[in-house]
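S.K.: Quick one: this structure, given as structure tokens, is what I'll be asking you about.
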Amino acid sequence: MQARGIVKRFGSLTANDYIDLSLFPGEIHALLGENGAGKSTFVKMLYGSLRPDEGMLSWKGAEVSIKNPAMARQLGIGMVFQHFSLFEALTVEENILLALPPLQAKNLRQRIKTVSADYGLPLDPTATIADLSVGERQRVEIVRCLLQEPDLIIMDEPTSVLTPQEADELFLVLEKLASEHKSILYISHRLDEVKRLCQRATILRHGKLISECDPRQENAKTLAAMMVGSEVADVRRVPQDLHGVKKCLVVRALNLEPELNTGTALVDVSFDVARGEILCIAGIAGNGQAELFGALSGETPVSDVGSIVFEGWPCGADGISERRRRGAAFVPEERNGHGALAGLKLSKNILLSWNNPNDGTTKKGVIDRMALARLEGAITEAFDVRMAHPDVEAGALSGGNLQKFVMGREVKRKPKLLVVSQPTWGVDAGAASLIRQKLVDLSRSGTTIIVISQDLDEIFEIADQVAVISEGHMSDVYPIDEVTREQVGLLMGGMDLNGPPEVTAAEMAQSLMRDRETEDAV
Amino acid sequence: MEIYEAIILTIITAATPLLLAACGELVAERAGILNLGVEGMMIMGAVGAFAVAFSTGSPYLGIAAGIGAGALASLPFAFLTISMVTNQVATGLALTILGLGLSGMIGDAYIGQPGVKLQPINIQGLSDLPYVGRILFSQDVIVYASIVLLVLVWIFLFKTRAGLSLRAVGDSHSSAHALGVSVRKVRYMAVIFGGACAGLAGAYLSLVYTPQWTEGMTAGRGWIAVVLVVFATWMPGRLLAGAYLFGAVLILQLHAQAAGVNIPSQFLSSLPYLATIIVLVLISRNRTLVKKNSPACLGKPFVPDV
């Protein structure tokens with residue numbers, strides 16, 4: 001595949017400004033850039049969802065004009081989307097069937113099973129998408145793409161919801177595919193992955209081609225600098241001694257049946273968090289995180305009032321507004337539709353969680369527009385939310401900027417407790433670093449923070465303590481400097497740290513070997 | 001004729017137009033288009049069928065005309081909501097008002113004229129069977145067609161690839177578009193199919209139910225059909241049960257009034273609508289049922305990005 005001089009404009013915005021890219025068979029090529037740099041626009045043109053305004057695409061040596069995705073698939077171009085293009089009401093099998101040409105539809109269920117077993121992506125073909133977690137949905141996307149047997153696979157952030165072990169398995173798949181002379185265009189924010197996996201990288205910034213390089217010759221800092229245009233700050237975290245600090249939140253024997261029949265039940269979850277502590281709860285998507293967030297936030301009140309005690313107040317049965325009034329704040333995983341409403345202006349979005357009559361957003365029940373405007377200005381400034389003009393609608397922000405806004409809105413309330421789910425999912429390096437720094441700063445000013453995350457980099461950057469949730473069970477809580485990434489990874493995979501030693505040792509050795517190879521490659 | 005036979009036969013007659021119109025609406029809604037113009041398309045079918053049957057003397061040409069008139073009536077709705085992306089609710093209401101008015105104008109010449117009745121098909125031997133003969137084997141072609149149509153719709157929606165595409169369009173038009181499904185084409189077809197079904201339902205009213213033309217003769221049946229689709233949670237099998245249940249309630253309250261039951265007749269007349277509300281409440285309580293089956297993009301405008 002070769003792209004030359006590709007231009008795409010949306011109104012006055014030039015999303016792609018003369019982009020060149022060539023892909024060779026058997027190559028894993030990284031496409032790097034911040035959110036809004038034009039990566040998604042670019043790959044949509046390769047996949048036929050958008051048409052370039054200028055420039056030329058050639059496929060296997062011949063010039064092509066890719067009119068629609070069906071044509072792209074026919075040519076042998078497959079795509080794994082970042083924003084899932086799945087049908088919620090349909091089953092896994094039906095979702096996959098829709099993307100395949102009619103002739104390939106035979107024995108589909110069997111082929112789904114074979115492919116998902118071969119590539120270590122377990123799937124139940126009869127499950128309905130609406131009941132699946134984010135991670136499982138991504139697996140459906142990947143299997144769907146692989147079943148089309150494409151020559152070029154475009155992957156938009158495929159590992160963002162996988163555990164390190166799952167990601168390792170995916171890398172083996174990708175390497176296998178590359179060895180079968182397929183090309184892979186790999187979009188990721190995770191520079192370590194790119195360095196490990198990719199032979200070449202193309203870097204975009206603000207719609208322009210910045211450079212093409214060999215990521216193995218660069219280090220994470222130089223790559224990030226090229227993406228952002230300036231250096232990305234490391235998160236500064238001073239370790240703190242939490243011995244004898246008063247507990248802010250105590251969870252004891254929390255049990256919760258899932259709302260959806262394929263959700264995960266919480267079984268006997270117990271932990272406590274000290275004031276000013278950051279507790280990170282690691283785990284693979286779909287292991288009860290959604291239920292845990294629901295129980296902690298009060299979106300799903302639990303019947304046992306005493307199973308959650310917040311600052312001495314048993315609150316298990318209370319709803320989210322009551323908990324907010326008592327000084328808790330929550331940032332859910334889905335920013336759009338759950339954390340913020342796309343069609344509302346940012347200032348109005350503030351009201352969604354600032355619903356205490358005394359917090360200054362209303363006067364005798366009437367919305368105080370001036371106060372909201374001031375708040376909106378303060379939040380967007382403190383969290384560096386970049387937007388076209390002040391007080392845009394939430395839907396007009398990119399994922400990273402919206403996440404910064406939602407975080408800023410909650411931080412601004414100066415909560416005693418902040419529960420955040422996947423704070424930097426799908427957020428670019430610059431924004432992620434800012435959000436993490438803000439979390440650390442907030443905790444050092446006395447706020448207790450619980451972060452539900454599956455990003456080990458993030459956890460090791462910000463956590464004071466870490467626990468792992470697996471199939472609805474919670475592990476012990478470990479101080480962050482007493483565990484390794486590998487151990488957390490094993491816990492995430494449902495293994496016991498004191499489990500059968502040979503498995504653990506073998507796994508550990510394997511991942512250590514891989515780490516060393518990566519370092520050698522550097 | 002035994003009384004039970006009479007009751008069952010009238011229930012079938014009452015249920016058939018509901019079933020037909022709801023069947024078409026179900027397909028349109030499964031594709032994501034909420035067409036509140038069923039009443040208007042139905043009455044256009046009724047007047048079209050009556051006019052053609054009256055002038056040609058053939059009820060079968062009348063049926064064809066009813067189907068055609070319903071489909072034709074759906075075209076402006078399809079163009080406005082799908083191509084011009086107008087609001088589906090408002091456009092559907094406009095279609096109902098337009099249909100009621102236009103049919104009155106067209107039908108003015110036919111008021112009081114004797115209609116052409118579509119005769120039942122008698123099957124030698126079977127029709128004379130005791131108990132079930134007249135009920136099962138002595139119906140007209142539209143009654144049989146309504147059942148066959150429903151089965152075909154079920155097979156289409158759940159057993160064919162084209163039906164899967166249609167459901168996909170109703171569930172997430174942007175994902176369907178991303179996969180290369182032609183969202184607008186699918187929706188045009190679904191809306192026109194819905195119009196044809198409503199037209200056939202109208203033809204049944206003016207050729208069988210009361211073989212004559214009176215203004216506003218659909219009398220709200222189009223609206224009941226819209227409700228039936230929700231009642232059935234967009235599942236064809238439940239639609240069959242629902243249509244016959246509503247038909248039964250419509251007829252039984254008439255029989256109850258005739259038998260002089262000591263209940264105010266206004267209450268009996270409102271029974272079908274009360275039943276609608278109660279059932280809707282019961283269905284809405286089951287969140288997973290509704291969430292699983294209701295087309296997520298129902299009523300939402302679709303504008304493909306360039």
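S.K.: Which Cα, out of B:Ile155, B:Ile121, B:Ser174, lies furthest along the positive dipole direction of region B:104-210 (beta carbon charges, K/R +1, D/E -1)?
M.R.: Result: B:Ser174.
S.K.: Quick one: grab the alpha carbon gyration tensor of region A:73-129, order the square roots of its eigenvalues as a ≥ b ≥ c, and give me rounded if a/c is under 1.5, else prolate or oblate depending on whether a/b is larger than b/c.
M.R.: It is rounded, given that a/c, with a ≥ b ≥ c, falls under 1.5.
S.K.: Let me ask something else about it. Which residue, B:Leu240, A:Leu223, A:Gly399, has the largest displacement toward the positive end of the dipole of the protein assembly as shown when charges sit on each Cβ (Lys, Arg +1; Asp, Glu -1)?
M.R.: Going by the charge dipole, the pick is B:Leu240.
S.K.: Right, here's the next one. Quote the FRET efficiency, to the nearest 0.05, computed for A:Ser22 versus A:Ala382 with a Förster distance R0 of 56 Å and r equal to the Cβ-Cβ distance.
M.R.: Calculated value: 0.85.
S.K.: Here's a follow-up. Name the residue from A:Ala37, A:Ser12, A:Gln104 whose Cα lies farthest towards the positive end of the charge dipole of region A:1-134, charges +1 on Cβ of Lys and Arg and -1 on Cβ of Asp and Glu.
M.R.: In region A:1-134, that residue is A:Gln104.
S.K.: Any chance you could run the full-extension gain for A:Ala233 through A:Ala62? It's 0.36 nm times the residue separation minus the Cα-Cα distance, nm to one decimal.
M.R.: Stretched fully, the A:Ala233-A:Ala62 segment lengthens by 57.1 nm.
S.K.: Let me ask something else. Under a Cβ-Cβ cut-off of 11 Å, what is the net charge of the residues other than B:Val208 that fall near it, where Lys and Arg count +1 and Asp and Glu count -1? Spell out each step's value before the answer.
M.R.: Values: positive: B:Lys117; negative: B:Asp140.
So the surrounding residues net to 0.
S.K.: Distance in nm between label sites at A:Ala117 and A:Val267, each 7 Å beyond Cα in the beta-carbon direction?
M.R.: Taking the two extended label points, one gets 2.6 nm.
S.K.: Using only DSSP helix segments of four residues or longer, with each worth -39500 (n - 2.57), what per-residue ellipticity at 222 nm results for the protein assembly as shown after dividing by its residue count and rounding to 500?
M.R.: Values: 30 runs with 394 residues, N = 828.
Helix-only estimate at 222 nm: -15000 deg cm²/dmol.
S.K.: Tell me the label-point distance for the pair B:Asn87, A:Ile210, using the 7 Å Cα-to-Cβ offset, in nm and rounded to one decimal.
M.R.: 4.6 nm
S.K.: With a ≥ b ≥ c taken as the square roots of the eigenvalues of the C-alpha gyration tensor of region A:223-300, please select rounded if a/c is under 1.5 and otherwise prolate if a/b is larger than b/c or oblate if it is not?
M.R.: oblate
S.K.: Could you size up the charge dipole of region A:422-492 around its Cα centre, putting +1 on the beta carbon of Lys and Arg and -1 on that of Asp and Glu, and report it in debye to the nearest 20?
M.R.: Once rounded to the nearest 20, the dipole reads 240 debye.
S.K.: May I ask you to work out the translational diffusion coefficient for the protein assembly as shown at 10 °C, viscosity 1.306 mPa s, via Stokes-Einstein with Rh from the Kirkwood sum over Cα pairs, reported in whole µm²/s?
M.R.: Numbers: Rh = 30.2 Å.
Once the numbers are plugged in, D ends up at 53 µm²/s.
S.K.: If you take the beta carbon distance between B:Ile97 and B:Val290 as r and set R0 to 30 Å, what does 1/(1 + (r/R0)^6) give as a FRET efficiency, to the nearest 0.05?
M.R.: In this case the efficiency is close to 0.55.
S.K.: How much length, in nm to one decimal, is gained on full extension between A:Glu334 and A:Asp53, taken as 0.36 nm per residue of separation minus their Cα-Cα distance? Could the numbers behind the result be given before it?
M.R.: On the way: separation 281, 0.36 × 281 = 101.16 nm, distance 3.30 nm.
The span from A:Glu334 to A:Asp53 would gain 97.9 nm if fully extended.
S.K.: Sticking with this structure for a sec: Residue by residue through B:152-165, how many Cβ atoms from other chains fall within 10 Å of the Cβ on average?
M.R.: Counting Cβ atoms of other protein chains within 10 Å of each residue's Cβ and averaging gives 1.
S.K.: Let me ask something else. Antiparallel DSSP bridges in the protein assembly as shown: what percent, to the nearest 5?
M.R.: 50 percent
S.K.: Express in nm, to one decimal, how much length is gained between A:Asn356 and A:Glu471 on full extension, taking 0.36 nm for each residue of separation and deducting their alpha carbon distance.
M.R.: Taking A:Asn356 through A:Glu471 to full extension adds about 37.8 nm, to one decimal.
S.K.: Also, quick follow-up: Which loop GluC sites (Glu not before Pro) in region A:87-191, with loop taken from DSSP, have no more than 14 other Cβ atoms within 10 angstrom of their Cβ?
M.R.: A:Glu180
S.K.: Give the angle, between 0 and 90 degrees and rounded to the nearest 10, that separates the Cα long axis of helix B:88-107 from the longest principal axis of the Cα atoms of chain B.
M.R.: That helix lies at roughly 40 degrees to the long axis.
S.K.: Taking a quarter of the surface of the Cα convex hull of region A:337-414, what do you get in nm²?
M.R.: On the way: hull surface 18.9 nm².
For the Cα atoms of region A:337-414, the hull's average projected area reads 4.7 nm².
S.K.: Shifting gears a bit: With label points built 7 Å along Cα→Cβ from the Cα atoms of B:Ala259 and A:Ser179, find their separation and express it in nm.
M.R.: About 8.0 nm, to one decimal.
S.K.: Need one value for B:82-92: mean number of C-beta atoms belonging to other chains within 10 Å of its residues' C-beta atoms. Could you put the intermediate results ahead of the total?
M.R.: Numbers: counts 0, 0, 0, 0, 0, 0, 0, 0, 0, 0, 0.
Mean inter-chain Cβ contacts per residue within 10 Å come to 0.
S.K.: From the square roots a ≥ b ≥ c of the eigenvalues of the alpha-carbon gyration tensor of region B:6-102, which class results: rounded (a/c under 1.5), prolate (a/b over b/c), or oblate?
M.R.: The shape class here is oblate.
S.K.: Could you work out how far helix B:141-159 tilts from the main Cα principal axis of chain B, as a 0 to 90 degree angle to the nearest 10?
M.R.: 30 degrees
S.K.: Residues of B:179-192, mean number of Cβ from any other protein chain within 10 Å of their own Cβ, rounded to a whole number?
M.R.: Mean partner-chain Cβ count within 10 Å for B:179-192: 2.
S.K.: Give the longest segment of chain A that steers clear of trypsin sites (Lys or Arg not before Pro) in DSSP loops with at most 12 neighbouring Cβ atoms within 10 Å, not counting the sites themselves.
M.R.: A:365-522
S.K.: Mind checking the angle between helix B:183-204 and chain B's longest principal axis? C-alpha axes, 0 to 90 degrees, to the nearest 10.
M.R.: Value to nearest ten degrees: 10.
S.K.: Where the only charges are on Cβ atoms (+1 Lys, Arg; -1 Asp, Glu), what is the dipole of the protein assembly as shown about its Cα centre, to the nearest 20 debye?
M.R.: Taking the Cα centre of the protein assembly as shown as origin, the dipole is about 2380 debye.
S.K.: Which entries of A:Lys39/B:Lys300; A:Lys247/A:Lys416; A:Lys363/A:Lys412; A:Lys363/A:Lys416 have Cα-Cα distances beyond 22 Å here?
M.R.: A:Lys39/B:Lys300; A:Lys363/A:Lys416
S.K.: For the peptides B:122-130, B:188-196, what is the packing order when you average, over each peptide's residues, the other Cβ atoms within 10 Å and list the highest mean first?
M.R.: By packing density, highest mean first, the sequence is B:188-196, B:122-130.
Rule-based calculations on the coordinates, nothing more; no lab input. Only a predicted model underlies this, so the values are computations on that prediction, with no experimental measurement involved. Using ideal geometry, Cβ is built from the backbone for each residue, glycine included, and neighbour counts are taken over all protein chains shown.
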